[in-house]
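The structure appears right after this line, and notes come after that.
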Amino acid sequence: MELIPTGIPSLDKALNGGFSRGSTILLAGNPGTGKTHLAIHILYNNMRRGLKGAYVSFAETKKQFYRNALQAGIDLSKMEEVALFRFYDMLTVPRDELEGMIAFLINDIVEFKPDIIVFDSVTVFGQMFGEEYLRSFLHSIIGRLVNAFDALAILIDEIPYGEKRLGFGIEEFVVDGVIILEMERTREVIRRYLTIPKMRGRPLRRSAYEYVITEEGIEVFTVPELEFTEKEALKSRFKTGIEGLDRLLGGGLYESSITLIAGPTGSGKTILALNFASNLTSSGRNILYIAFEESAAALKDTLHKLGLVENFEIISMVPEGRTPMEFYAFIKKLIEKESFNVLVIDSLSAMKAHMDEKEFIKAVRYLQLLAKERRVTFILTYVTGSMTDLATTGFSTLVDNLLFLTYHVPKEAGKALKRYILVLKTRHSENDPTLREFTIGEGGIKIE
């Protein structure tokens with residue numbers, strides 16, 4: 001059976017390769033879930049490889065549709081110029097001319113012979129013509145078009161908020177597959193779900209996913225179990241460039257590992273993270289530093305005062321309310337853009353402020369996945385008051401290396417504050433669990 005892929009790798013994986021030719025798929029969802037966005041990308045991805053596409057719209061004019069597609073980076077006018085795309089504007093057709101236009105539409109589509117036809121939306125079509133005409137349209141006309149040239153038909157259907165029924169309740173019974181897009185809002189965070197309750201002829205391993213809307217369409221997620229093996233971990237190891245720290249770590253950091261720098265405010269977490277980044281970029285690694293709590297200018301000023309190299313990219317941003325999936329997609333895109341192999345996030349605490357504990361652990365789990373998938377080394381900072389508090393957080397078990405920084409405030413005037421570092425954990429190597437004093441000065445951190 002020949003398949004038509006969506007051209008979106010994660011979705012094609014969920015669909016076990018794509019859609020079967022000669023099938024009709026219902027794409028249903030609440031307003032704002034990305035139905036049209038997804039349909040456009042499926043069309044465009046296939047037109048880029050030479051297939052023909054047709055879009056029948058009862059919801060937008062041609063001008064609106066082309067403008068919105070262009071905002072997503074898709075130039076449909078170019079596809080039209082090379083005879084790979086036709087758009088049928090049914091919105092501006094006078095109501096008394098609609099039936100005649102439907103007849104013309106069918107004849108024109110038969111003449112064009114598209115590989116993919118999108119109808120947007122069957123909900124509006126049903127409101128215009130009534131349920132009986134819609135039933136006839138779905139059974140006979142759509143079926144005839146699909147069978148005539150072994151095409152793929154995608155029917156977009158609206159699900160009003162608060163309702164579970166798909167459209168008029170008849171669509172799902174006359175199609176070969178159903179994909180439902182849903183979303184829910186919790187405070188500032190919007191979470192989106194994709195469900196595949198029906199896909200005739202396609203063996204699916206699972207039916208429900210979380211997804212995010214991207215410039216490439218959507219990305220659906222399922223996280224496989226990760227197993228740490230000695231063989232995997234020992235592939236490559238590198239020095240941090242902080243001599244005393246490399247000794248405490250048992251020789252440095254492993255590639256694709258996750259290092260957590262934890263401690264109270266003012267203990268030196270950001271300076272240690274900057275020291276890591278500066279030293280590693282000097283040794284030829286490509287570093288991305290994401291700052292959630294300080295501006296790039298402030299961090300560069302700190303590097304300058306410490307005499308550290310600042311030849312790495314720093315992105316300063318406000319940690320918006322995102323789901324763990326969205327953080328995963330966002331960070332993955334940043335990594336892929338410039339092939340970064342070390343990523344610093346300062347700090348996880350800012351991310352956690354927008355999530356509950358369960359969601360936060362999931363976000364760290366996805367960072368763990370990225371580290372192994374992309375062979376990226378992560379260095380993370382996190383604010384915690386004590387080692388006891390840190391031990392009670394579930395995410396601490398997901399990291400490979402755990403460094404705890406603290407300080408002692410003198411009780412007498414004129415005495416200097418003292419800072420300490422303790423390596424609590426290193427996966428796959430022996431570490432020195434001795435509490436060590438360190439100082440901050442020219443050249444960064446020096447461990448006694």
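The values are calculated or read from the model by the stated rules, or taken from the named source; none is laboratory data. Quantities reported herein were computed from a predicted structural model and do not represent experimental measurements. With ideal geometry, Cβ positions are generated from the backbone for all residues, glycine too; neighbour counts draw on all protein chains shown.
Pick from the range 420-445 the residues that are charged (D, E, K, R) and more than 38 Å from the chain's Cα centre (by Cα): which of them is nearest to residue 238 (Cα to Cα)?
Per the criteria, the residue is 436.
Being small (Gly, Ala, Ser) and at pLDDT 85 or above narrows it down to one of 385, 441, 414, 394, so name that one.
Just a single option satisfies the conditions, and that option is 441.
Can you find, within the range 86-98, the residue that is surrounded by the most Cβ atoms within 10 Å (Cβ to Cβ) among those that are touching a residue at least 24 places away in the same chain (Cβ under 8 Å) and charged (D, E, K, R)?
So, considering only residues that are touching a residue at least 24 places away in the same chain (Cβ under 8 Å) and charged (D, E, K, R), the one surrounded by the most Cβ atoms within 10 Å (Cβ to Cβ) is 86.
So in the range 120-152, with the set limited to residues that are assigned to a helix (DSSP H, G or I) and among the hydroxyl-bearing types (Ser, Thr, Tyr), which one is surrounded by the fewest Cβ atoms within 10 Å (Cβ to Cβ)?
140
Against the definition (surrounded by fewer than 20 Cβ atoms within 10 Å (Cβ to Cβ), touching a residue at least 12 places away in the same chain (Cβ under 8 Å) and assigned by TED's automatic domain parsing to the domain that holds residue 332), how does residue 307 come out, yes or no?
Yes: the conditions hold for residue 307.
Looking at (1) at pLDDT 90 or above; (2) closer than 24 Å to residue 65 by Cα; (3) touching a strand residue (DSSP E or B) at 6+ places or on another chain (Cβ under 7 Å), find the lone condition where residue 108 falls short.
Only one criterion in (1) at pLDDT 90 or above; (2) closer than 24 Å to residue 65 by Cα; (3) touching a strand residue (DSSP E or B) at 6+ places or on another chain (Cβ under 7 Å) is unmet by residue 108, namely (3).
Within the set of pairs 6 or more residues apart or between chains, which connect a residue that is over 19 Å from residue 348 (Cβ atoms) inside the range 273-293 to a residue that is surrounded by fewer than 16 Cβ atoms within 10 Å (Cβ to Cβ) with Cβ atoms less than 7 Å apart?
Close Cβ pairs (under 7 Å, with a partner that is surrounded by fewer than 16 Cβ atoms within 10 Å (Cβ to Cβ)) amount to 278/309; 281/309; 281/311; 282/309; 286/338; 286/339.
Just to be sure I understand, how many residues within the range 155-182 are touching a Ser or Thr at 6+ places or on another chain (Cβ under 8 Å) and modelled with pLDDT of 85 or more?
So the count comes out to 11.
Let me spell it out: the conditions are (1) at pLDDT 80 or above; (2) in contact with a Ser or Thr (Cβ under 8 Å, 6 or more places away or on another chain); (3) over 23 Å from residue 274 (Cβ atoms), and residue 399 meets all of them except one. Which number is the exception?
(3)
List the helices (runs of 4 or more DSSP H) inside the range 228-288, counting only whole elements, that have at least 1 residues being modelled with pLDDT of 95 or more.
Of the helices (runs of 4 or more DSSP H) lying wholly inside the range 228-288, those with at least 1 residues that are modelled with pLDDT of 95 or more span 269-282.
Going by what's in this entry, would residue 86 be described as among the basic types (Lys, Arg), touching a strand residue (DSSP E or B) at 6+ places or on another chain (Cβ under 6 Å) and in the same structural domain as residue 42 (by TED's automatic domain parsing)?
The answer is yes for residue 86.
Of everything in the range 73-85 that's surrounded by fewer than 16 Cβ atoms within 10 Å (Cβ to Cβ) and among the hydrophobic types (A, V, I, L, M, F, W, C), which residue is nearest to residue 109 (Cα to Cα)?
The residue in question is 83.
Consider residue 38 carefully, then state whether it is touching a residue at least 24 places away in the same chain (Cβ under 8 Å), in a helix (DSSP H, G or I) and surrounded by 23 or more Cβ atoms within 10 Å (Cβ to Cβ).
yes
Could you check how many residues of the range 418-448 are within 18 Å of residue 396 (Cα to Cα), in a strand (DSSP E or B) and without any contact (Cβ under 8 Å) to a residue 40 or more places away in the chain?
Going through the range 418-448 one residue at a time, the tally reaches 3.
Scan the range 46-65 residue by residue and report those that are surrounded by fewer than 21 Cβ atoms within 10 Å (Cβ to Cβ), within 13 Å of residue 4 (Cα to Cα) and polar (S, T, N, Q).
Residues satisfying the conditions do not exist here.
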